[in-house]
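Notes follow the structure.
The values are calculated or read from the model by the stated rules, or taken from the named source; none is laboratory data. Just so you know, these numbers come straight off a predicted model, no measurement behind them. With ideal geometry, Cβ positions are generated from the backbone for all residues, glycine too; neighbour counts draw on all protein chains shown.
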Amino acid sequence: MTKRRTPTDIVADILKIADSGARITKLVYQGNLNFKVVKPYLDKLVTKGYLVMLEDGRTWITTNDGKRFLEAYDNLEAFLEEEAATFGEPSAA
């Protein structure tokens, strides 16, 4: 069974893709999103200061604040994976 991404996972994916600069098409395809879904995320990320559009009017790039978000996200994800591993596989009752 495939785990659905949370909104936080989607935000992290967008910020990772835009880290070195990306146009909206790249964000949509590499983020496995669609144009209708990605727009509200971009608006929110700009409002929070995590993403900006370059002067060319077509390229999105992750800001330093966005990179700090990604660092915290990656650290939390690694911690949760380590903790989950300590529980092992549940036994059948």
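May I ask you to list the residues in segment 21-42 that are of a type in the set (Phe, Trp, Tyr) and either within 20 Å of residue 6 (Cβ to Cβ) or touching a residue at least 40 places away in the same chain (Cβ under 8 Å) (or both)?
Within segment 21-42, just 41 meets the criteria.
Where in segment 2-93 are the helices (runs of 4 or more DSSP H), entirely inside, with at least 3 residues that are basic (Lys, Arg)?
On the way: elements: 7-17, 24-30, 35-48, 64-87.
Where helices (runs of 4 or more DSSP H) fall fully within segment 2-93 and carry at least 3 residues being basic (Lys, Arg), they are 35-48.
Mind listing just one residue for me: the one in segment 43-93 that is touching a residue at least 40 places away in the same chain (Cβ under 8 Å) and among the hydrophobic types (A, V, I, L, M, F, W, C) and, of those, farthest from residue 25 (Cα to Cα)?
69
So in segment 25-43, with the set limited to residues that are surrounded by 14 or more Cβ atoms within 10 Å (Cβ to Cβ) and of a type outside the set (Val, Ile, Thr), which one is nearest to residue 11 (Cα to Cα)?
If we take residues in segment 25-43 being surrounded by 14 or more Cβ atoms within 10 Å (Cβ to Cβ) and of a type outside the set (Val, Ile, Thr), then 41 is nearest to residue 11 (Cα to Cα).
Only one residue in 22, 12 is over 13 Å from the mean Cα position of the chain (by Cα), modelled with pLDDT of 95 or more, surrounded by 13 or more Cβ atoms within 10 Å (Cβ to Cβ) and under 17 Å from residue 69 (Cβ atoms), so which one is that?
22
Could you tell me whether any residue of segment 70-87 is among the hydrophobic types (A, V, I, L, M, F, W, C) and either surrounded by 14 or more Cβ atoms within 10 Å (Cβ to Cβ) or under 12 Å from the mean Cα position of the chain (by Cα) (or both)?
Checked segment 70-87: at least one residue is among the hydrophobic types (A, V, I, L, M, F, W, C) and either surrounded by 14 or more Cβ atoms within 10 Å (Cβ to Cβ) or under 12 Å from the mean Cα position of the chain (by Cα) (or both).
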